[in-house]
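What follows is a single structure, written as structure tokens, with notes after it.
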Ligand code: ZN
Ligand code: ZN
């Protein structure tokens, strides 16, 4: 069977990841995590990393089949365990200025038929053990990047009517297109793309809104913004001084909401895949920043368990604006993966905020982030709320309304 994934485009994606995504510096070490199926991409990335002068490249693989074996054979206590030693080791590596690349491609509904209690406990253990890594990444201590690889099970979920080979080919091409890895010069394309996103972020920063009002079918939500919040989008400077593009693809501009000042109700517009479970038609009501009511047509049990992980899990840590005309949205493909679907739609995230999204973020302390309204939690889960009928108003400090989005597009 010939390979359905274009080798030349895979090479371009690998190079884009190392040069523009991670922007790996000479002598810098790199930690990669990837599904075992992504081996061809991992090897291309490794080659590019060493060509760019990497110190040492280390990869940790995960395997969907191994995950399922746990649910089939492990004893009950297994589901409260997570490899904290691994996350502590990674945290140590980041403190020594190691860069990070996450390659995603797992089956989004891998655990759909497993016991919800076990899935919830395993998620919780993993979220808690992962805290040292998540903190360093959300604070951009080091340069990092996420890209995707078209694994077979994921491809079959996105294109259920196609043969396995055809599905992989289609998903591969959709990944390359939305990542701009199929353009003539992907690195130059991203330079221009970053400029466009920076322009949007600059405008929002100049407006310095105190809140955003989202209105659409099933949604009437006022999201207060954190004191001293800053909008970001595209390239970002990590604390080690390296400018990276954390997400490839990325179409969003985003900032930190105020954890105490979110009121109203909101409905999701795309299914959310969370750690192998699909959660669909989410509806939640906020009062003083906290979710007081939540439901979902599918995966409700998982959603409710997520909300109970800790105090911050019921509050927002991110709000992001993406026009409905974004290329990923235009493709009409539902990826069942947040890296893609969040870039097709305005979204909000439950849990941990980005301390990066504050004015003077290089010097801001954890206590200041909290005092200015930034949320903290063991989770950070983006979910999609945008649609072609979404209107957004910015509310100024004086209480005036400024149109930001009309019918899903920049006003
Ligand atoms: Zn986002
Ligand atoms: Zn997010």
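Points worth noting:
- Which numbered condition residue 349 misses (of (1) within 16 Å of ligand 2 (Cβ to nearest atom); (2) out of contact with any helix residue (DSSP H, G or I) (no Cβ under 7 Å at 6 or more places or on another chain); (3) touching a residue at least 40 places away in the same chain (Cβ under 8 Å)): (3)
- Scanning the stretch 324-342 for residues that are under 24 Å from residue 258 (Cβ atoms) and surrounded by fewer than 24 Cβ atoms within 10 Å (Cβ to Cβ) yields a total of 1.
- Residue 156 vs. criteria surrounded by fewer than 17 Cβ atoms within 10 Å (Cβ to Cβ), closer than 26 Å to residue 180 by Cα and either more than 17 Å from the chain's Cα centre (by Cα) or at pLDDT 95 or above (or both): no
- Only strands (runs of 3 or more DSSP E) whose full extent lies in the stretch 202-271 are considered here, and the ones with at least 1 residues that are away from ligand 2 (no atom under 16 Å from the Cβ) are 211-216, 219-225, 257-267.
- Boolean, residue 237 is within 16 Å of ligand 1 (Cβ to nearest atom) and either closer than 29 Å to residue 285 by Cβ or surrounded by fewer than 24 Cβ atoms within 10 Å (Cβ to Cβ) (or both): no
Results for (1) assigned by TED's automatic domain parsing to the domain that holds residue 114; (2) farther than 30 Å from residue 159 by Cα; (3) in contact (Cβ under 8 Å) with a residue 60 or more places away in the chain, shown as yes or no for each residue.
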| position | (1), (2), (3) |
| --- | --- |
| 246 | no, no, yes |
| 270 | no, no, yes |
| 300 | no, no, no |
| 303 | no, no, no |
| 311 | no, yes, yes |
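- Check on residue 90, assigned to a helix (DSSP H, G or I), surrounded by 13 or more Cβ atoms within 10 Å (Cβ to Cβ) and free of Cβ contacts under 8 Å to residues at least 60 places away in the same chain: yes
Here is a yes/no grid of residues against (1) more than 15 Å from residue 142 (Cα to Cα); (2) part of a loop (DSSP other than H, G, I, E, B); (3) in contact (Cβ under 8 Å) with a residue 24 or more places away in the chain:
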residue: 4; (1), (2), (3): yes, yes, yes
residue: 13; (1), (2), (3): yes, no, yes
residue: 43; (1), (2), (3): yes, no, no
residue: 71; (1), (2), (3): yes, no, yes
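- The stretch 336-351 - residue that is modelled with pLDDT of 95 or more and more than 12 Å from the chain's Cα centre (by Cα) and, of those, nearest to ligand 1 (Cβ to nearest atom): 346
Matching residues to (1) crowded, with 22+ Cβ neighbours inside 10 Å; (2) in contact with a strand residue (DSSP E or B) (Cβ under 7 Å, 6 or more places away or on another chain); (3) in the same structural domain as residue 360 (by TED's automatic domain parsing):
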| position | (1), (2), (3) |
| --- | --- |
| 194 | no, no, no |
| 210 | no, yes, yes |
| 243 | no, yes, no |
| 282 | yes, yes, yes |
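- Subset of the stretch 289-333 (residues that are assigned to a strand (DSSP E or B) and within 26 Å of residue 111 (Cβ to Cβ)): 291, 293, 294, 295, 298, 316, 317, 318
- Output for the stretch 59-69, where each listed residue is part of a helix (DSSP H, G or I) and either closer than 30 Å to residue 29 by Cβ or touching a residue at least 24 places away in the same chain (Cβ under 8 Å) (or both): 64, 65, 66, 67, 68
- Residues of the stretch 360-409 classified as assigned to a strand (DSSP E or B) and either buried (at least 18 other Cβ atoms within 10 Å of the Cβ) or within 22 Å of the chain's Cα centre (by Cα) (or both), total: 12
- Annotation note: of 160, 186, the sole residue that is more than 16 Å from ligand 2 (Cβ to nearest atom) and touching a helix residue (DSSP H, G or I) at 6+ places or on another chain (Cβ under 6 Å) is 186.
The values are calculated or read from the model by the stated rules, or taken from the named source; none is laboratory data. Being a predicted model, the structure only gives us computed values, none of them experimental. Positions of Cβ are generated from backbone atoms using ideal geometry, with glycine treated the same way; all protein chains shown enter the neighbour counts.
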